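Worksheet: the structure to be examined is printed underneath.
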Amino acid sequence: MKKSHTFYIGVFVSLAYSGVASALSFETLPEPPMDLVVIDTPDDAGNSVELDWALSGTDIFNPLIENASDTDPSTIVATYSIERKVSDANGSELDESDLNWQKVSEAGAGESHWTDRTVERGWTYDYRICSVDNQGDSSTWCNGEPVTPVMQIFNMSKAWLAIFMLIFGGFIAYFINQARAGKPLWVRKIAGLEAIDEAVGRATEMGRPVLFVAGIQDINEIQTLAGLTVLSRVAKTAAEYGAQIEVPTCRSLVMAAARETVEAAYLSAGAPDAYQPDKIHYLTDEQFAFVAGVTGYMVREEPAACIYMGGFYAESLILAETGNHIGAIQVAGTAMPSQLPFFVASCDYTLIGEEFFAASAYLSGDPLQIGSLKGQDYGKFFSVLILVIGIFFASIISLSDSEDGLAVDSLNYINNNMLGSEGLGSFGGGDTDIEGDDS
Amino acid sequence: MKRTVPLIIAIVAGFVLLIANFIPFAEDWGLTAQEWFNILAVGAMILGGGNLVKLHLMKISGQRKGWGYSVVTIGCFVGTLIFGLFKIGVHPNEIYPNVGWSGYYLEGGSGLWWIYQHMIVPLTSMMFAMLAFYVATAAFRAFRAKNTEATLLLVTAGVVLLGQTYAGVWLFEGWLPESMQWLRFDHLTEWVMNIPNTGGTRAITIGIALGVVATSLRILLGVDRSYLGQD
Amino acid sequence: MLLAVAIPILAKTVFPVNISPQTMMVFNAIEDLPDGSRILLSYDFDPASQGELLPMAQAFTRHCSIKGHKQYYMALWPLGSPMVDLSIDTIESEYPNLVYGEDYVKFDYKTGGEAVIRMITQDLRGMYELDSKGVSLDNIPMTKNIKNIQDMDLIINVSAGDPGTKQWVQFAATPFGITTVSGCTGVQAPQMYPYIPDQLAGVLGAIKAAAEYEAAIDEVYPSIASNPKAQEAKRRMGPQLVAHGLMVCLIILGNIIFFVSRKRGLA
Amino acid sequence: MDKSSEASKNSNTLIWGIIFIIGAIMLVWSMSTSRTGQVWVTPEQHAFTAGADGKYSATDTPSSEDIAWVTYNVVPDSELTQEVIDSGSATLSWSRTIGLWLAAIFTLFILSFLVGDNPAYKFAEAMVVGTSAGYVMVIGIWDVFVPLLLGKLAPGFVQTAFLPGMDASAGTQLLYIIPAILIIMLLFQLMPSGGWISRWPIAFFIGITAGYRMIGYVEADLVAQIKAAIVPLWVTGENGFVFWPSFNAVILTVATLSAMIYFFFSVEHKGLLGKTARVGIWFLMITFGASFGYTVMGRIALLAARLEFLFGDWLHFIPSS
């Protein structure tokens, strides 16, 4: 309150001053901006400085002016000119020019903030600002206090982000450790896996082959690896039933890995002789050429079951459509959000996103995969918890229409400190008012 | 040496970037590492070109099926490279007309521009546009309301499809009372996008984010070493 | 499908456009900035997606030019650079009063994707020492005082995939609070909605939103309505209408056949 | 089965035959009435004269010592009248006309895939792969390799040869030898036996990616998303409780929470949890439906743009864009 009071007086005085000045001389000058506050930006490496000022009395964007149209048009502020000089260079050699006032920026009328990102850490700077009207006349200067940008040890505004990283990372690391130590971790059965068995079974009955596509990504992609894990299950079932399996791949490395996988599966099913390596073959790297090859095979051989597990792009649609055309049972799994709709609409069963990874973890029993899955689950649980607490407080506040109290403090802390950028701060501090977000 | 050094490189590089976010002192290290990363990405591009040539040369030398197309591919690759790298048909930069190689490699009328304009643009864009036809055939043959889930999906898709065009407005013009205007397909589409879609996508987004945290962490902790290869 | 798209193109049918609130959010994000604000336009798409995105990108360029905003162009896709050139051509031919280096500038393509975004949020010169004409950033009036893109008032991203809007949200909009709007392909658009309104100030989804955006500009700046090039997306809504109708009919027809044949199969 | 597929193949061929005949008639008709598929250009003179300070400036009256060249601008359809042609100011550009025809033919090659996989399509595809790989490499070298790496290691050379505007005063920056070495190591992957050497740069790549992705996803997709999802379920306006925004807030929250519960794998989906997960999958389906509609819209827009190219720029049925 006090600040704006003095500000009014300031405006008044400067208005009076400019009136006198314009009466005395022929030149009409804009009024200067006021209260230049210069601070070192908190939580940074000491490479920026924040400047704030109060708008000039002849700036038509100044909300304190009641009648903007009454302002003398020749004094209307067009821009603010900001100058800077170095008063202490911390021992470094300087150009002569840096020691004198130099224009560093220009802010438009109505702007009252600027961040100088061109400062050197540890040097001391002086700033001043003036307003300039459309004729190029400038007002008197408004000086700020000298400032020395310094580096902080830790970026406190990100303290909660660091805590969240530790929490989420901690869950995952803990469960990976548990799984590696041999602790059995329970994961629910994935419904889609039964559909795969069923599909392979039907193919056996009909005496037709099973087609398996592990996506079009390379071997280093996590979706391809998950696809290969599912392939191992498919191959094992096929070996047990005596069904024929066909695996075209889009990358040569995926072919090599798929051969190993299938061979191992046939071995464990006790049918190593039934394994035919040339049924697993590399077609081409090119997306559409690959699809042309696969769909050509589908139309010719009419496999009874088509299983797509991996990272797919636009070709998902073509594959699923052709499979549907030949009347095959189709099961798909991918984590590509944009391709899921097409699989869901045209396949008999689809493993959606994480479900696909969960299926792979479930099948492989690999401690890394199961541990991560479990850790992610706890991360999700934690997120839901914060979400529910936040929504609870937000609803309480709007239900009781209260403006302070425990609920408001809690919600403010969650929103501004934990999920915002105000650092650890103090609970109940600050008086930011909240508004309901209706989205 | 073959496995330990890369493992250390990956872990150190990852942690430098992590702490650069929280400790201002390390910011500069993070920037340097990223600059190298961006430069290295060019290496990956060159490697991609090299791999392409290698693959197709092998195909040609083995006279494997379709090797003729590999000749076309390599011919186009080398041709583009020559036109582009030697800036054939490019005039100097107007600010520095005395420096012959200062011009823009894609200047209108130059060799690379010709290849871009008359080969790359029509070929790549038509290839993608073909998907419109598959969408149409799939609509007729594959998208079936087999169960509740698929029905829900198809109904939403239909509403959104119509709501995206004037049809969504036109179908309801004239007979729908003012109080029922929210039923108009374009309004319904907006609601679907803003409410159920936002909620569903948000859940997927959070899930994927946790998945990325898990994968990244496994690399940073050195437990996932699949990128180091088998031997 | 071919005919459904071809006939309306040849017939040149144009349908009225209703502007949705979502499009207005994007429009206002640009409109409400004071004239001469600094805007970073990153065109992260290629010719393969230009059917969906080019009308939108051109509309962004025209809107920024009318408003006299300072436009900083860049591209994170190797084939995105020529897309920026198309916008520069538009500025040169339709807004000859704008001066290169004072009102608009173009940066070259750089490799690294999201790492480039991260880099320029800290240090623009670490990536772009020179503009695309080979002039040092220190000698260009509009870049002289720019340290990094935190100095920008708005980021406009036209995106067809990765790197694209998601990466701009993750590495520029969220950590540094730079206001960002996006125009993206139909495939991506639904995935961007959770970011609205805090992380993204608005999103234009494919050609429909582009048509609405064109209409919004027309309404406020009627002078542009006579420019046929500024009406491209609206014109495309004709084929779009017929094709969407056809799609819905095909789905319904397919399902009728499906149910009829299933009933017969059961009986 | 064979018979029906053969029949459908025959009818397909018939349909395509008709389309091609119609297309050919339209083409002939169009060529006879207008300048279909022709590109006309006007020359533009550029000349630069050296000033006393060694800087060049554009001049309209070039002398023999000046640097000069000619570029050509395309004449738009609307300005291409008989008078312009007769006056000789516009000339037919053969390279651009051939280019336009090639572009149109390549477009049709790709379109021919609708009939089935065929040599024309395969040829076009082989070209796409070659030219785009070449193009990407050219761009990478001129836009990144030269200014960011070569420019740091050999600034003097780069400045005189390619980028006169560059500041070479800092001299060679030896630190950049490290990324240069990493690139060379990466290229060892092309060798049959040196593959392990490329693991160093790949490890660097993977480590950096893991580092920044982790932060980016936690900050933008986890923390900020949770924040965005916190909305009051009870929305009040000026006159107290308002129904629709509250309803929307409830639906939004239910959608988010139930879909998240669907992705819980540590608990069996039974009882209340099972029902919630079921609601979750419904919301996911609506999400996918919306995504489906948007994707279809995008795909059709792509086709419309290509047909506009064929009908406009090439055949001149409609004003070219």
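The values are calculated or read from the model by the stated rules, or taken from the named source; none is laboratory data. What you are looking at is a predicted structure, and each value in this text was computed from that prediction instead of being measured. For neighbour counting, all protein chains shown are included, and Cβ atoms are generated from backbone atoms with ideal geometry for every residue, glycine included. SASA here: full protein model, heavy atoms, side chains in, ligands and nucleic acids out. Shrake-Rupley method; radii C 1.70, N 1.55, O 1.52, S 1.80 Å.
Would you mind stating whether A:Met165 is away from chain C (no Cβ under 14 Å) and surrounded by 15 or more Cβ atoms within 10 Å (Cβ to Cβ)?
So A:Met165 fails the test.
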Quiz prompt | Search result, residues across region D:64-88 that are touching a Ser or Thr at 6+ places or on another chain (Cβ under 7 Å) and within 30 Å of B:Asn98 (Cβ to Cβ) | solution = D:Asp66, D:Tyr72, D:Asn73
Quiz item: Before we move on, is C:Ile217 within 14 Å of chain B (Cβ to nearest Cβ), in contact with a helix residue (DSSP H, G or I) (Cβ under 8 Å, 6 or more places away or on another chain) and crowded, with 19+ Cβ neighbours inside 10 Å?
Solution: no
Quiz item: How many residues does region C:220-235 contain that are within 11 Å of chain B (Cβ to nearest Cβ) and open to solvent by less than 10 Å² (accessible area, probe 1.4 Å)?
Solution: 0
Quiz item: How many residues are under 39 Å from the mean Cα position of the chain (by Cα) and open to solvent by less than 40 Å² (accessible area, probe 1.4 Å) if we restrict to region A:60-84?
Solution: 8
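For (1) open to solvent by less than 30 Å² (accessible area, probe 1.4 Å); (2) in contact (Cβ under 8 Å) with a residue 24 or more places away in the chain; (3) more than 23 Å from B:Gly211 (Cβ to Cβ), each residue gets a yes or a no:
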| site | (1), (2), (3) |
| --- | --- |
| A:Ser252 | no, yes, yes |
| A:Pro272 | no, no, yes |
| A:Pro303 | yes, yes, yes |
| A:Gly333 | yes, yes, no |
| A:Phe343 | yes, yes, no |
Quiz item: Do we find that D:Thr253 is of a type in the set (S, T, N, Q), under 22 Å from A:Asn412 (Cβ atoms), over 33 Å from the mean Cα position of the chain (by Cα) and open to solvent by less than 50 Å² (accessible area, probe 1.4 Å) in this structure?
Solution: yes
Exercise. Check off (1) surrounded by fewer than 16 Cβ atoms within 10 Å (Cβ to Cβ); (2) within 7 Å of chain D (Cβ to nearest Cβ) for B:Gly109 and give me the number that stays unchecked.
Key: (1)
Quiz item: Has region D:279-290 got any residue that is more than 8 Å from chain B (Cβ to nearest Cβ) and more than 26 Å from A:Ser402 (Cα to Cα)?
Solution: yes
Quiz item: Out of region A:218-245, which residues are β-branched (Val, Ile, Thr), under 26 Å from the mean Cα position of the chain (by Cα) and in a helix (DSSP H, G or I)?
Solution: A:Ile222, A:Thr224
Practice problem: Identify, from the list D:Val235, D:Val218, the residue that is among the hydrophobic types (A, V, I, L, M, F, W, C) and more than 9 Å from chain B (Cβ to nearest Cβ). | Solution: D:Val235
Quiz item: Give me the pairs: first residue in region A:208-220 and under 21 Å from A:Tyr241 (Cα atoms) and open to solvent by 10 Å² or more (accessible area, probe 1.4 Å), second residue part of a loop (DSSP other than H, G, I, E, B) and of a type outside the set (A, V, I, L, M, F, W, C), beta-carbon distance under 9 Å, and six or more apart or on different chains, which are they?
Solution: A:Arg208/A:Gln244; A:Arg208/A:Glu302; A:Arg208/A:Pro303; A:Pro209/A:Gln244; A:Pro209/A:Glu302; A:Pro209/A:Pro303
Quiz item: Does at least one position in region A:374-381 carry a residue that is open to solvent by less than 10 Å² (accessible area, probe 1.4 Å) and of a type in the set (Lys, Arg)?
Solution: yes
Practice problem: Return the total of residues in region C:137-161 being surrounded by fewer than 24 Cβ atoms within 10 Å (Cβ to Cβ) and within 12 Å of chain D (Cβ to nearest Cβ). | Solution: 5
Quiz prompt | Condition broken by A:Ala289, with the remaining ones in (1) of a type outside the set (Ser, Thr, Tyr); (2) at pLDDT 85 or above; (3) in a helix (DSSP H, G or I); (4) touching a helix residue (DSSP H, G or I) at 6+ places or on another chain (Cβ under 9 Å) satisfied | solution = (2)
Quiz item: Within region B:131-176, restricting attention to residues that are of a type in the set (S, T, N, Q), open to solvent by less than 30 Å² (accessible area, probe 1.4 Å) and in a loop (DSSP other than H, G, I, E, B), which residue is farthest from C:Gly205 (Cα to Cα)?
Solution: B:Thr165
Quiz prompt | Some residue of region A:121-133 being under 30 Å from A:Thr58 (Cβ atoms) and not in a strand (DSSP E or B) | solution = no
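Of everything in region D:256-288 that's of a type in the set (Phe, Trp, Tyr) and assigned to a helix (DSSP H, G or I), which residue is surrounded by the most Cβ atoms within 10 Å (Cβ to Cβ)?
Taking region D:256-288 first, the residues of a type in the set (Phe, Trp, Tyr) are D:262-265, D:282-283, D:288.
If we keep only those that are assigned to a helix (DSSP H, G or I) as well, we get D:262, D:282-283, D:288.
Working: D:Tyr262: 26, D:Trp282: 20, D:Phe283: 26, D:Phe288: 33.
Going through the qualifying residues, I end up with D:Phe288.
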Quiz item: Can you name the residue in region D:147-182 that is open to solvent by 10 Å² or more (accessible area, probe 1.4 Å), among the β-branched types (Val, Ile, Thr) and in contact with a helix residue (DSSP H, G or I) (Cβ under 8 Å, 6 or more places away or on another chain) and, of all such residues, is nearest to the other protein chains (Cβ to nearest Cβ)?
Solution: D:Ile178
Quiz item: Assuming B:Thr137 fulfils every condition listed in (1) over 30 Å from A:Ile326 (Cα atoms); (2) more than 7 Å from chain D (Cβ to nearest Cβ) apart from one, which condition is it?
Solution: (1)
Quiz item: Given the structure, is B:Ile208 under 18 Å from D:Leu252 (Cα atoms) and not in a loop (DSSP other than H, G, I, E, B)?
Solution: no
Exercise. Name every residue in region D:146-173 that is assigned to a helix (DSSP H, G or I), touching a residue at least 12 places away in the same chain (Cβ under 8 Å) and more than 13 Å from C:Gly134 (Cα to Cα), in order of residue number.
Key: D:Leu149, D:Lys152, D:Leu153, D:Pro155, D:Gly156
Quiz item: Are any residues in region D:133-177 under 27 Å from B:Gly48 (Cβ atoms) and among the β-branched types (Val, Ile, Thr), and if so, which ones?
Solution: D:Val136, D:Val138, D:Ile139, D:Ile141, D:Val144, D:Val146, D:Val158, D:Ile177
Quiz prompt | Wholly enclosed helices (runs of 4 or more DSSP H) of region C:1-92 bearing at least 2 residues surrounded by fewer than 17 Cβ atoms within 10 Å (Cβ to Cβ) and modelled with pLDDT under 90 | solution = C:2-11
Quiz item: Quick check: anything in region B:22-33 within 7 Å of chain D (Cβ to nearest Cβ) and either surrounded by fewer than 17 Cβ atoms within 10 Å (Cβ to Cβ) or part of a helix (DSSP H, G or I) (or both)?
Solution: yes
Exercise. Select from region C:70-99 the residues that are farther than 18 Å from C:Lys229 by Cβ and in contact (Cβ under 8 Å) with a residue 60 or more places away in the chain and list them in ascending order.
Key: C:Lys70, C:Tyr72, C:Leu76, C:Trp77
Exercise. Please go through region D:229-244 and pick out each residue that is in a helix (DSSP H, G or I) and buried (at least 20 other Cβ atoms within 10 Å of the Cβ).
Key: D:Ala229
Quiz item: Taking region A:393-406, which residues are facing chain D (nearest Cβ under 9 Å), on the phi < 0 side of the Ramachandran plot and without any contact (Cβ under 8 Å) to a residue 12 or more places away in the chain?
Solution: A:Ser395, A:Ile396, A:Leu399
